[in-house]
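Bear in mind that the values in this text are calculations on the coordinates, not laboratory data. Predicted, not measured: the structure shown is a model, and the values here were computed from it. For neighbour counting, all protein chains shown are included, and Cβ atoms are generated from backbone atoms with ideal geometry for every residue, glycine included.
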Amino acid sequence: MAREFARAFYNSTAWKKCRESYKARRRAIDGGMCEVCGMEPGRIVHHKIWLTPENISDPDIALNHDNLRLDCWSCHEKEQDGSDDGMNHYVFGADGQIRPV
């Protein structure tokens, strides 16, 4: 489950189109493999600069391919678990839904 401020964004047509176009771009480049480990298929389009209530409406952050990365489940979970920035973190479950750590 997405954080409350991000739910509408992650359900938006703009995000879904951006996410799918990024996945297609990565498939053309390297078959869609994880950009971190290169060993597993990428499954999650991850924002390098995390979305916040302050930047979620900024398309240069929220919808910019330069701010995205395709992660496998394992690498995405490791980043979420290893972060120590004091923020609440979320992971993707096997069903693809966001849930709190």
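Counting only lysines at least 8 places from LYS78 when in the same chain, those with an alpha carbon closer than 17 Å to its own are LYS48. Need the C-alpha centroid separation for the stretch 27-42 versus the stretch 54-73, integer Å. About 18 Å separates the Cα centre of the stretch 27-42 from the one of the stretch 54-73.
Could you put ILE49, ILE29, ILE44 in order, starting from the residue whose Cβ has the fewest other Cβ atoms within 10 Å? Intermediate values should be presented prior to the final figure.
Values: ILE49 14, ILE29 11, ILE44 19.
The most exposed by this proxy come first: ILE29, ILE49, ILE44.
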